Structure formats: C-alpha cells, structure tokens
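I have placed the structure first, in the form of structure tokens, so that the comments after it can refer back to it.
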Amino acid sequence: MMNQTTGYVEIAAIYNDSIILGNGSMGILIIPKPMNTAINILTLIILFITMISLGCTMEISKIKAHLLKPKGVAIALLAQFCVMPLTAFSLTKILRMDPIKAVTVLICGCCPGGSLSNIFSLLVKGDMNLSIVMTTCSSIAALVLMPLLLYIFSQGFTGLKDAVPYVGIITALVFTLLPCAIGIFINHYKPNYSATVTNVGLSILIISSIIVSVLSGLAVKDVIWMILMPDVLAVTALMPLIGFIMGYIMSVICRLSPQCSRTISMETGCQNIQLCTTILKVAFSPQSIGPLFLFPLLYITFQCAEALLLALCFKCYQRVTAPHGDPNKWENVDAIKEEVKQ
C-alpha cells in the first residue's frame, strides 16, 4: 500500500473538521466493534451472493459468441470506464466536494457495471446476452482499470494520493470474481441447480440487506445528515442519469442496433453498488469514511428511479409508435436486424 496509514490520517483529519454530532460537539463516527464487524460480514455476504447469482445466469457459449464479435462489448467497456469515472470526477470538482466525499464518489464512479443493469435491460427489451456478458467483462476489467482510474483521478485532490485503499479494492474485486466463477460453473455443469441457488441466494440477500440497513441506520443516526446534503444529493441524482444518456449516445454514434444501444445505456448508468458498499465499509475505517459508506444506498435509489422512468418512457414511446398498438413491434424489428447481421 502507498503509505495508506498516512492517507487515513489525512482523511480522518478532514472528516473531524467537517462533522458535528447531534449534540453539537466536534467528533468522529464511532461504531461499536461488534456492530461494525457484523455490518462488514453481512456486506461481504451480500456481495458474495449477488455475484454467485449473477454467475448462475451466464452461459459460456453466449459469452464466447459476444467475445468473437466484441464491438458491442468494447463500446460498453469504453462507456463504463470512461464516462462514469469522468462524470464522477467532474461533478466532485464542479460541486467543490471535500476529499472524503470526493473519494466516495470516485470509488462509485469507477466501479464496474452492476447486476441490476440486467433487470433494467430486460425492461427496455435490450440484448440480454450482451448485458450479462458486459457485466462479466466489466467485473474482470475492473481488476486493473478500477485501481488505475482511482490513482489517476485521486491526483486532483489534496490528501487522496495515498489515502485510496488499493489493496482493499483489489481484494474486493477478486472476491467478486470468485463467486461469479462458481455461479458460471454451477450453470454449466449443474444447470438444474441454478434456479435453486438463485432463489435461495435471493432470500438470504433480502434478509441480510434488511439487517445491514437497520444496523447502519443505528450506527449513523446522529450524522445521517451528512449524506443528505445538497452536493451529495446532486451527485447521486446526476451520475446515473448522465451514464444512461451518454451510454446511449455513444452506442448510436458507433451505429449499434437500438436493442444494443438500450442495453449499453443501462449498463453504463448502473454501477455495482454491492461492490462499492463493500469497499467503503470494509476497506476504510469508520473514523475515515464516516456515514458516507451509505452513499451507494442513496445512489441506487436514484439509479433505480431513473432507470424505471426511462423504461416507462420507452414503453410509452413503443405504444405510441407501434402500428395498431402492437407493443412488440420494436422488439421484433431489433430481433430481425440482429439475425440479418449474423
């Protein structure tokens, strides 16, 4: 690590100077050790289950098919690791965010695509194979690109050069690839178990998420206002929206099909929130990150709301433009175009 301890001290000092607890005295966020340990373990469980469930939806043959024609995947990777990090960096500079907020936003912006993008791609009748392959490829590429991008962009902030926990981030990224590989293995060799693993995982995921939310709420109840400030709210609202729009524009410019363009739009705007939460909670100490480890939860709220709004707009557009009210017109047209290309 690049003098990480020194970096933590610098960030903690900034945090101490900016936080005021409910009683009006200066101080830092103190989470009881058992509660902090419980939140960390449950956060890791959530990430593990999410990635193994994602792996269970992947088919090796479909992954190979897209890798043999990598145009869509390449454009999606470019959008994911150029648009989102640049957006995060630009917003933090425009809003003049302090270093502790900046590193939180940058980590979120440099994360790979999340599993929710697969659901939103389905809602906008996107290319599901491309969506799943893109999520896989971005998770693998993040192992190199995420630390590299964080190193580059952190140079623009005082106190962040040595404060980004690169070892913790790489460890978290490896931790995402292992369960994903297990899921792919299950789906390939034991496909009958894929649905069961996913359903059981979903139940555990829901329970763990509820417990983490409750414990986190109790831990930061006195300083929750720190993640509800105007600059943080502005970032969480603008980042996913810019990602959705720019992902679509880049795809159209590169002359991809409407189906692929909608898919890349969803993939670009949707970050891996589980990974971001794990990094912020596990790789940083409570004294350095404070209540901002809840930033991804605020981000995902706006991300889901905006993606659902875009999906609704697409459905309305589809109904208005389809002849005789046939809502499947564009889906059929897209499918025909893909067949012609092949």
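Numbers below:
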| read-out | value |
| --- | --- |
| Cα-only radius of gyration and Dmax that characterise the stretch 49-320, units Å | 18.1, 54 |
| q = 0.12 Å⁻¹, the stretch 55-210: log10 I(q)/I(0) [Debye, one scatterer per Cα] | -0.61 |
| Tail fraction, Cα-Cα pairs, the stretch 84-145, threshold 13 Å, whole percent | 66 |
| Value of relative contact order over the stretch 49-320, rounded to a whole percent, pairs C-alpha under 8 Å and six or more apart | 33 |
| Accessible-area composition of the stretch 49-320, carbon plus sulfur, in percent [1.4 Å probe] | 75 |
| Residue-normalised accessible area of the stretch 49-320, expressed per residue, 1.4 Å probe, Å² | 40 |
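The values are calculated or read from the model by the stated rules, or taken from the named source; none is laboratory data. Model, not experiment: these values are computed from the prediction. Surface accessibility is based on the protein's heavy atoms, side chains included, excluding ligands, DNA and RNA. Shrake-Rupley method; radii C 1.70, N 1.55, O 1.52, S 1.80 Å.
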